[in-house]
1. Any idea of the accessible area per residue across the chain, 1.4 Å probe, to the nearest Å²?
2. Quick one: if the Förster radius is 60 Å, what FRET efficiency do residue 203 and residue 359 give, using the C-beta to C-beta distance and rounding to 0.05?
3. Using just the helices of the chain, give the 222 nm mean residue ellipticity in deg cm²/dmol: DSSP H runs with n ≥ 4 each add -39,500 (n - 2.57), and the total is spread over all residues, rounded to 500.
4. Specify the angular offset, from 0 to 90 degrees and rounded to the nearest 10, of the alpha carbon long axis of helix 75-89 from the longest principal axis of the alpha carbons in the chain.
5. Sort all Cα-Cα distances of region 31-153 into consecutive 5 angstrom bins from zero, then give the percent of pairs in each bin up to the one containing the longest distance.
6. Calculate the length of the line joining the C-alpha centroid of region 490-544 to that of region 459-482, in whole Å.
7. Can you give the extra length, in nm with one decimal, that the chain gains between residue 571 and residue 270 once fully stretched, where that is 0.36 nm per residue apart less the Cα-Cα distance?
8. Compute the length gained on full extension between residue 549 and residue 87: take 0.36 nm times their separation in residues and subtract their Cα-Cα distance, giving the result in nm to one decimal.
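The values are calculated or read from the model by the stated rules, or taken from the named source; none is laboratory data. Given the structure is predicted, the values throughout are model-derived calculations rather than measurements. Cβ: placed from backbone, ideal geometry, glycine included. Neighbour counts: every protein chain shown. Protein only, heavy atoms only, side chains kept; ligands, DNA and RNA dropped before computing areas. Shrake-Rupley method; radii C 1.70, N 1.55, O 1.52, S 1.80 Å.
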Amino acid sequence: MAYDLQFVDQISSTPTVRLNLNARPWKMRVGTEFGMPELRRAAVQTLLVDGDRYPAAAYGNRTLSLLLRVDGASDDDDAAQLQKLYRELDRPTNTLLYRPGTTAPVFFRTFRCGPDAVTWDPFTKEVRVQVPAEPFALGLRETLPAVTVYNDPAEGTTLNSNPNFETNAAGWSTVGAASFVRSTAQFHEGVASGLLTPNGVAANTELYSESVAVSVGQQVRASAWVRCAVARNVQIFTVWFDSGGGFLSSGSTTTAVSATTWTLLDRTGTAPVGAAFARLGVVMDGTPPAGHTLHIDEARIRQAGGAGGMCFDVTSPKGDVEAPLFLSVRASDVARVPESPLTGRRQSAFAVRRGGTPSAAPVVLQAESMDAGTDTTVQAASGSSGPFLRVTFATATSLQQRASIAPFPSSPSTDARGTYRVFVRCRKSVAGDTMQLQMRYSNAAASVTSDLVAGPADAVWRWVDMGLVQMPLGYDPATDGLSGTPLPVGGMGVTLLAARTSGSGTLDLDVIVFLPADDRMCLVKWPDYNTETAYVVDPVAGQAYGVGSSGEVRSALLELIGLAPQVTPGVANRIWMIRDVGSTWSEGDDVTASVQVTPYYWPRYLHTRGAS
């Protein structure tokens, strides 16, 4: 393998080399070394206990010690080469590629300096340089596959292979001699959908996904967005099969769809005894004419309540130390599209949980799973909304307990430990009503009550910020004495109180989210009118900006508050996103919405890296 030391123009697999310091006439000499960044610590000392404690630590910059020899054809050539080196060293910032025989290089980002010493005699032309650099060497950019972050916290990971038809219509089959092809004439997300066309003769026109594995008793959710050329009924099916592929049973939900309007079809079913596979079906019955064309998009089958809602995982990132995680967010998913009559700005929340088992953190608490309090009853699922609690204030409008649960989480866990930012998804029936919310948390030893918070200002679903809470409440030793063994955290009682101070309407309570807030969390306010392709959340600059279709920077009104995510190598990292926290967006929070996010990062190394 090559042994490279080069000043280059950028961190890239094919950078332009400005000066090669290990190729004739240059040669690295013994004494060249890249040091290590100093790990600086904040020390806390007291004479009341033995030893010091280090509550915080951070790496400082490093110094690259270069001893270089130049051996050109003449002294003039040597002088010219030294001049090239001086010019590279004099740049305010520069990039030094280092590949000491390894497959992959690393890159040091350096700062302006001059040579420390130059030896020039008839026999030797050498220069010694102490180059200041950032603490870490960087690897090449790692761009992860784009992920779809669903706005429903009860979502699950999509099980079928091709729900969005962005490139083809593979993975789907028809019954009833219908045709099914990819179409770009209409789409609910992305740039394409699937187009189902009846033959006008068959009694039923049916479309089915491939079979996906399920287990007995599993809650399986099937949904699809459809757009029919005419107003008619359309059915969505869940079909169950045994381990040999034999048909067991099916269940369906019929929805009346309006002409040329995107409508969500949605149903949840339980896998029956003997079930090993399931398929999603979209059906038009009654011998549909050929003109009853049906566009289908986001046709998904998944485990209800599984992973996938409001989060995505970055598994085992590369590198030696944590790295900033950049997020490229599709602009049309978060900002108002041109010519739209909608008003206001959307604000999203991002948070990260690293280490342990991030998926085990107690983040989502469905209101309908709580005990109903004063004037509160469970409402059945309707349309795109799942079950929720409704507070009527029929007998008491003052601040009363409306929903409670103990304990939450139900089982002790080391992954429950942490600080959380609590948000309640709720809706008023009358926009002009005035309501107040409050949270109360309790265990056997402590009780904490949040500030009294104003309810939503209008009559659409909104997330209300209820502040911070720590799990566990009170003192937390964290580990079992000096063993280092983490102690599990027991659940706490969670109570939601609500009051109606004016008006006559009801209050609906859907879900409470405990967003991890003890690591890195930020809020991003998106533009109210977009002409960009994507927005980039930049954790290094602590800013967000827009880009166009060619990746060019475009001016856009974005605001970032807090700390954008970082990822830790070698462990599971879960990134949470709530799309509409504190938004003034006129539509409120849409539980059926999704956001396409492309994560990327530059891994950080302390010295060199291997092939992977």
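1. Computed with neighbouring chains in place, this is 43 Å² per residue.
2. On the way: r = 45 Å, r/R0 = 0.75.
The value I calculate is 0.85.
3. -1000 deg cm²/dmol, from helical runs alone.
4. Tilt of helix 75-89: around 30 degrees.
5. 2, 8, 13, 14, 13, 11, 9, 8, 7, 5, 4, 2, 1, 1, 0, 0
6. 15
7. Working: separation 301, 0.36 × 301 = 108.36 nm, distance 3.34 nm.
Length gained between residue 571 and residue 270: 105.0 nm.
8. Separation in residues times 0.36 nm, less the Cα-Cα distance, equals 162.7 nm.
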